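The values are calculated or read from the model by the stated rules, or taken from the named source; none is laboratory data. None of the values given here were measured: they were computed from a predicted structure. Reconstructed Cβ throughout: ideal geometry from the backbone, glycine too, with neighbour counts over all protein chains shown. The area values use the complete protein model at the heavy-atom level, side chains included, leaving out ligands, DNA and RNA. Shrake-Rupley method; radii C 1.70, N 1.55, O 1.52, S 1.80 Å.
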Amino acid sequence: MPGAADIARNEKLKQRLQFYEDLGLAPFYRDRTASSSESAQSQPPLSAAVSSSHPIEEAPLPKSTLKSAPAPPIAPPAKSVAPLSSSGTSLFDAANKLSTETLLQIRDDLGECTRCKLHSTRNKIVFGDGSPKAQLVFVGEGPGADEDAQGLPFVGRAGKLLTQMIEAMGLQRPDVYICNVVKCRPPGNRQPEPDEVASCSPFLFRQLDSIKPKVIVCLGATAFQTLLQTNRSISHYRGQWLDYRGYKMLPTYHPAYLLRNPAAKADVWKDLQKVMAELGLEIKKKAK
Ligand code: SF4
(Lines give C-alpha, C1' and ligand atoms only; values in the text may rest on other atoms or scores of the structure.)
Protein backbone atom coordinates (compact mmCIF):
# COMPACT_ATOMS: atom_id res chain seq x y z
CA MET A 1 0.00 0.00 0.00
CA PRO A 2 1.48 3.35 -0.96
CA GLY A 3 1.79 5.78 1.92
CA ALA A 4 0.54 9.35 2.03
CA ALA A 5 3.96 10.65 0.98
CA ASP A 6 3.96 8.35 -2.06
CA ILE A 7 0.47 9.47 -3.04
CA ALA A 8 1.43 13.14 -2.70
CA ARG A 9 4.61 12.57 -4.72
CA ASN A 10 2.69 10.75 -7.44
CA GLU A 11 0.10 13.52 -7.60
CA LYS A 12 2.84 16.14 -7.93
CA LEU A 13 4.49 14.08 -10.67
CA LYS A 14 1.16 13.76 -12.46
CA GLN A 15 0.61 17.52 -12.33
CA ARG A 16 4.13 18.15 -13.58
CA LEU A 17 3.69 15.77 -16.51
CA GLN A 18 0.40 17.46 -17.33
CA PHE A 19 2.20 20.80 -17.26
CA TYR A 20 4.85 19.60 -19.72
CA GLU A 21 2.17 18.11 -21.90
CA ASP A 22 0.44 21.49 -21.95
CA LEU A 23 3.73 23.02 -23.04
CA GLY A 24 3.80 20.67 -25.98
CA LEU A 25 6.68 18.61 -24.59
CA ALA A 26 4.74 15.40 -24.21
CA PRO A 27 6.07 13.68 -27.32
CA PHE A 28 9.58 13.93 -25.98
CA TYR A 29 9.11 12.30 -22.66
CA ARG A 30 7.02 9.64 -24.24
CA ASP A 31 9.89 8.87 -26.63
CA ARG A 32 12.60 8.86 -24.02
CA THR A 33 13.16 5.12 -24.43
CA ALA A 34 13.76 5.47 -28.14
CA SER A 35 16.75 3.77 -29.70
CA SER A 36 20.22 4.84 -28.73
CA SER A 37 20.87 5.93 -32.29
CA GLU A 38 18.17 8.55 -31.87
CA SER A 39 19.43 9.68 -28.52
CA ALA A 40 22.98 9.90 -29.84
CA GLN A 41 22.11 12.62 -32.32
CA SER A 42 24.42 15.48 -31.65
CA GLN A 43 22.93 18.91 -30.96
CA PRO A 44 19.15 18.67 -30.70
CA PRO A 45 17.00 21.60 -31.69
CA LEU A 46 16.19 23.98 -28.89
CA SER A 47 12.79 22.54 -28.16
CA ALA A 48 14.21 19.06 -27.89
CA ALA A 49 17.09 20.29 -25.78
CA VAL A 50 14.65 21.83 -23.40
CA SER A 51 12.66 18.65 -23.31
CA SER A 52 15.75 16.60 -22.70
CA SER A 53 16.25 18.30 -19.36
CA HIS A 54 13.38 16.34 -17.93
CA PRO A 55 13.50 18.55 -14.87
CA ILE A 56 11.36 16.19 -12.86
CA GLU A 57 14.38 14.03 -12.25
CA GLU A 58 16.92 16.79 -11.84
CA ALA A 59 18.06 18.68 -8.82
CA PRO A 60 17.41 22.42 -9.20
CA LEU A 61 20.35 24.54 -10.21
CA PRO A 62 22.10 25.93 -7.17
CA LYS A 63 21.84 29.65 -6.53
CA SER A 64 25.55 30.00 -7.24
CA THR A 65 24.91 28.81 -10.80
CA LEU A 66 22.40 31.53 -11.28
CA LYS A 67 24.58 34.21 -9.75
CA SER A 68 27.81 33.39 -11.56
CA ALA A 69 26.42 32.36 -14.90
CA PRO A 70 27.39 34.58 -17.83
CA ALA A 71 24.61 36.02 -19.92
CA PRO A 72 24.87 34.61 -23.42
CA PRO A 73 23.93 37.07 -26.16
CA ILE A 74 20.90 35.09 -27.23
CA ALA A 75 18.30 37.66 -26.45
CA PRO A 76 17.90 40.48 -28.98
CA PRO A 77 18.83 43.96 -27.87
CA ALA A 78 16.40 45.49 -25.43
CA LYS A 79 13.71 47.47 -27.17
CA SER A 80 12.44 50.56 -25.49
CA VAL A 81 8.82 51.54 -25.54
CA ALA A 82 8.33 55.22 -25.20
CA PRO A 83 6.36 55.90 -22.05
CA LEU A 84 3.21 57.94 -22.48
CA SER A 85 3.52 60.01 -19.35
CA SER A 86 7.22 60.24 -18.69
CA SER A 87 10.25 61.51 -20.54
CA GLY A 88 12.29 58.40 -19.74
CA THR A 89 15.00 57.78 -17.17
CA SER A 90 15.36 60.78 -14.94
CA LEU A 91 17.98 61.78 -12.40
CA PHE A 92 15.42 60.71 -9.82
CA ASP A 93 15.30 57.26 -11.39
CA ALA A 94 19.08 57.09 -11.54
CA ALA A 95 19.31 58.00 -7.86
CA ASN A 96 16.73 55.37 -6.99
CA LYS A 97 18.72 52.72 -8.80
CA LEU A 98 21.65 53.48 -6.49
CA SER A 99 19.34 52.82 -3.58
CA THR A 100 20.66 50.76 -0.73
CA GLU A 101 17.21 50.55 0.79
CA THR A 102 16.34 47.06 1.97
CA LEU A 103 13.07 45.27 1.39
CA LEU A 104 12.54 45.31 5.13
CA GLN A 105 12.83 49.09 5.21
CA ILE A 106 10.37 49.39 2.34
CA ARG A 107 7.95 47.05 4.10
CA ASP A 108 8.30 49.10 7.27
CA ASP A 109 7.55 52.25 5.32
CA LEU A 110 4.46 50.65 3.79
CA GLY A 111 3.23 49.81 7.29
CA GLU A 112 -0.48 49.12 7.73
CA CYS A 113 -1.07 51.14 4.60
CA THR A 114 -4.23 53.14 4.02
CA ARG A 115 -2.94 55.09 1.03
CA CYS A 116 -5.71 53.86 -1.26
CA LYS A 117 -9.23 52.51 -0.90
CA LEU A 118 -8.12 48.88 -1.27
CA HIS A 119 -7.07 48.93 2.36
CA SER A 120 -10.69 48.86 3.50
CA THR A 121 -11.46 45.45 2.02
CA ARG A 122 -8.16 43.63 2.39
CA ASN A 123 -7.40 40.93 4.87
CA LYS A 124 -3.59 40.95 4.62
CA ILE A 125 -1.11 43.08 2.74
CA VAL A 126 0.77 40.95 0.22
CA PHE A 127 4.13 42.66 0.01
CA GLY A 128 6.19 40.08 -1.86
CA ASP A 129 8.11 36.90 -1.30
CA GLY A 130 11.46 35.42 -2.24
CA SER A 131 15.13 36.28 -2.32
CA PRO A 132 16.10 39.93 -1.72
CA LYS A 133 19.08 39.21 -3.99
CA ALA A 134 17.11 37.50 -6.74
CA GLN A 135 18.33 37.88 -10.29
CA LEU A 136 14.82 37.19 -11.51
CA VAL A 137 11.70 38.99 -10.34
CA PHE A 138 8.15 38.14 -11.38
CA VAL A 139 5.64 40.98 -11.13
CA GLY A 140 1.94 40.21 -11.20
CA GLU A 141 -1.14 42.38 -10.93
CA GLY A 142 -2.51 42.02 -7.40
CA PRO A 143 -3.45 39.49 -4.75
CA GLY A 144 -6.42 37.17 -5.11
CA ALA A 145 -8.48 35.55 -2.39
CA ASP A 146 -5.87 32.95 -1.39
CA GLU A 147 -3.10 35.52 -1.34
CA ASP A 148 -5.22 37.94 0.66
CA ALA A 149 -5.88 35.20 3.22
CA GLN A 150 -2.26 34.10 3.53
CA GLY A 151 -0.38 37.36 2.94
CA LEU A 152 1.78 35.69 0.29
CA PRO A 153 1.84 36.24 -3.49
CA PHE A 154 0.79 33.59 -6.01
CA VAL A 155 -0.34 30.83 -3.67
CA GLY A 156 -3.67 30.00 -5.33
CA ARG A 157 -4.24 28.02 -8.53
CA ALA A 158 -2.40 30.56 -10.66
CA GLY A 159 0.37 30.53 -8.09
CA LYS A 160 0.75 26.77 -8.35
CA LEU A 161 1.11 27.15 -12.09
CA LEU A 162 3.73 29.87 -11.62
CA THR A 163 5.61 27.56 -9.24
CA GLN A 164 5.59 24.87 -11.93
CA MET A 165 6.93 27.37 -14.44
CA ILE A 166 9.73 28.40 -12.08
CA GLU A 167 10.63 24.78 -11.38
CA ALA A 168 10.60 24.00 -15.10
CA MET A 169 13.28 26.69 -15.42
CA GLY A 170 15.43 24.70 -12.99
CA LEU A 171 14.78 27.09 -10.10
CA GLN A 172 12.81 27.07 -6.89
CA ARG A 173 10.56 29.83 -5.63
CA PRO A 174 13.07 30.98 -2.97
CA ASP A 175 15.58 31.62 -5.79
CA VAL A 176 13.38 34.32 -7.31
CA TYR A 177 11.29 37.21 -6.00
CA ILE A 178 7.56 37.46 -6.61
CA CYS A 179 5.40 40.51 -6.05
CA ASN A 180 2.50 42.49 -7.47
CA VAL A 181 1.69 45.97 -8.65
CA VAL A 182 -0.83 46.47 -5.83
CA LYS A 183 -0.34 44.90 -2.43
CA CYS A 184 -3.99 44.61 -1.43
CA ARG A 185 -6.67 42.52 -3.08
CA PRO A 186 -9.05 44.41 -5.34
CA PRO A 187 -12.62 43.35 -4.42
CA GLY A 188 -13.96 40.56 -6.58
CA ASN A 189 -10.54 40.21 -8.22
CA ARG A 190 -11.26 43.20 -10.43
CA GLN A 191 -8.40 45.02 -12.07
CA PRO A 192 -6.76 47.62 -9.88
CA GLU A 193 -7.92 51.13 -10.73
CA PRO A 194 -5.52 53.85 -11.86
CA ASP A 195 -5.55 55.71 -8.53
CA GLU A 196 -4.80 52.45 -6.70
CA VAL A 197 -1.91 51.67 -9.04
CA ALA A 198 -0.62 55.22 -8.64
CA SER A 199 -0.67 54.90 -4.85
CA CYS A 200 0.91 51.48 -4.63
CA SER A 201 3.32 51.22 -7.56
CA PRO A 202 6.04 53.42 -5.99
CA PHE A 203 6.55 50.60 -3.50
CA LEU A 204 6.99 48.17 -6.38
CA PHE A 205 9.55 50.47 -8.00
CA ARG A 206 11.43 50.67 -4.71
CA GLN A 207 11.33 46.89 -4.33
CA LEU A 208 12.88 46.50 -7.77
CA ASP A 209 15.55 49.08 -7.02
CA SER A 210 16.35 47.31 -3.78
CA ILE A 211 16.67 43.90 -5.41
CA LYS A 212 18.32 45.15 -8.63
CA PRO A 213 17.42 42.01 -10.59
CA LYS A 214 18.99 41.06 -13.85
CA VAL A 215 15.60 40.27 -15.39
CA ILE A 216 12.05 41.33 -14.59
CA VAL A 217 9.21 39.22 -15.97
CA CYS A 218 5.88 41.03 -16.11
CA LEU A 219 2.97 38.66 -15.69
CA GLY A 220 0.09 40.21 -17.55
CA ALA A 221 -0.91 43.61 -18.83
CA THR A 222 -1.16 45.51 -15.55
CA ALA A 223 2.47 44.85 -14.60
CA PHE A 224 3.65 45.59 -18.12
CA GLN A 225 1.68 48.83 -18.39
CA THR A 226 2.66 49.99 -14.92
CA LEU A 227 6.38 49.50 -15.35
CA LEU A 228 6.46 51.02 -18.81
CA GLN A 229 3.96 53.76 -17.96
CA THR A 230 1.99 52.95 -21.05
CA ASN A 231 -1.52 51.98 -21.99
CA ARG A 232 -0.41 49.91 -24.95
CA SER A 233 -1.59 46.34 -25.27
CA ILE A 234 0.70 43.63 -23.97
CA SER A 235 -0.13 41.47 -26.96
CA HIS A 236 2.29 43.28 -29.26
CA TYR A 237 5.15 43.09 -26.78
CA ARG A 238 4.73 39.66 -25.18
CA GLY A 239 7.98 37.75 -25.35
CA GLN A 240 10.06 40.76 -26.35
CA TRP A 241 12.92 42.21 -24.39
CA LEU A 242 12.10 45.71 -23.23
CA ASP A 243 13.87 48.24 -21.09
CA TYR A 244 12.55 49.35 -17.73
CA ARG A 245 14.91 52.06 -16.47
CA GLY A 246 17.96 50.02 -17.35
CA TYR A 247 16.54 46.67 -16.24
CA LYS A 248 15.84 44.00 -18.82
CA MET A 249 12.15 43.32 -18.76
CA LEU A 250 10.08 40.74 -20.57
CA PRO A 251 6.28 40.68 -20.55
CA THR A 252 4.39 37.42 -20.78
CA TYR A 253 0.94 36.11 -19.99
CA HIS A 254 -0.35 35.96 -16.44
CA PRO A 255 -0.72 32.40 -15.06
CA ALA A 256 -4.43 33.11 -14.43
CA TYR A 257 -4.80 33.72 -18.16
CA LEU A 258 -3.05 30.40 -18.81
CA LEU A 259 -5.56 28.62 -16.62
CA ARG A 260 -8.28 29.93 -18.91
CA ASN A 261 -6.24 29.46 -22.10
CA PRO A 262 -3.95 26.45 -21.67
CA ALA A 263 -2.91 26.62 -25.31
CA ALA A 264 -0.94 29.78 -24.50
CA LYS A 265 1.37 27.87 -22.15
CA ALA A 266 3.67 27.00 -25.02
CA ASP A 267 4.16 30.71 -25.79
CA VAL A 268 4.99 31.41 -22.17
CA TRP A 269 7.46 28.56 -22.10
CA LYS A 270 9.22 30.08 -25.12
CA ASP A 271 9.37 33.39 -23.25
CA LEU A 272 10.82 31.71 -20.18
CA GLN A 273 13.45 30.03 -22.30
CA LYS A 274 14.60 33.50 -23.35
CA VAL A 275 14.85 34.45 -19.71
CA MET A 276 16.81 31.28 -18.95
CA ALA A 277 19.26 32.10 -21.74
CA GLU A 278 19.67 35.63 -20.43
CA LEU A 279 20.37 34.32 -16.93
CA GLY A 280 22.76 31.66 -18.18
CA LEU A 281 20.49 28.91 -16.96
CA GLU A 282 21.22 25.84 -18.96
CA ILE A 283 18.95 22.90 -19.42
CA LYS A 284 20.79 19.93 -18.05
CA LYS A 285 20.97 17.03 -20.41
CA LYS A 286 19.96 13.75 -18.98
CA ALA A 287 22.85 11.40 -18.28
CA LYS A 288 22.96 8.44 -20.60
S1 SF4 B 1 -2.98 48.64 -2.39
FE2 SF4 B 1 -1.01 49.52 -1.82
S3 SF4 B 1 -1.39 51.72 -1.60
FE4 SF4 B 1 -3.39 50.69 -1.53
S5 SF4 B 1 -3.77 50.34 0.65
FE6 SF4 B 1 -2.80 48.48 -0.17
S7 SF4 B 1 -0.61 48.74 0.24
FE8 SF4 B 1 -1.58 50.77 0.43
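Label segment 95-193 by shape, choosing from rounded, prolate and oblate, from the square roots a ≥ b ≥ c of the eigenvalues of the Cα gyration tensor; if a/c is under 1.5 it is rounded, and otherwise prolate applies when a/b is larger than b/c, oblate when it is not.
Taking the square roots of the gyration eigenvalues as a ≥ b ≥ c, segment 95-193 is oblate.
Pick out, from Ser233, Met276, Leu250, the residue whose Cα sits farthest towards the positive end of the charge dipole of segment 135-288, with +1 on the Cβ of Lys and Arg and -1 on the Cβ of Asp and Glu.
Of Ser233, Met276, Leu250, it is Met276.
Compare the Cα positions of Thr222, Gln135, Cys200 along the charge dipole of segment 135-253 (+1 at Cβ of Lys, Arg; -1 at Cβ of Asp, Glu; about the Cα centre) and return the one farthest towards the positive end.
So the residue we want is Gln135.
Hey, rough spin-label estimate for Ala149 and Lys212, points 7 angstrom out along Cα→Cβ, what's it come to in nanometres?
Between Ala149 and Lys212, the simple spin-label model gives 4.0 nm.
So for the pair Asp6, Glu112, with labels modelled 7 Å out along Cα→Cβ, what separation do we get in nm?
The two pseudo-label positions are separated by 5.0 nm.
When a/c reaches 1.5 or more, the comparison of a/b and b/c decides; with that in mind, is segment 106-252 rounded, prolate or oblate per its Cα gyration tensor?
It comes out rounded by the Cα gyration axes.
Of the cross-linked pairs Lys124/Lys270; Lys133/Lys160; Lys124/Lys214; Lys183/Lys274; Lys160/Lys248; Lys14/Lys248, which ones have a Cα-Cα span greater than 32 Å in the structure shown?
Over 32 Å apart, Cα to Cα: Lys124/Lys270; Lys14/Lys248.
Would you rank His119, His236, His254 by solvent-accessible area, highest first, keeping every protein chain in place and using a 1.4 Å probe?
If we order His119, His236, His254 from most to least accessible, we get His236, His119, His254.
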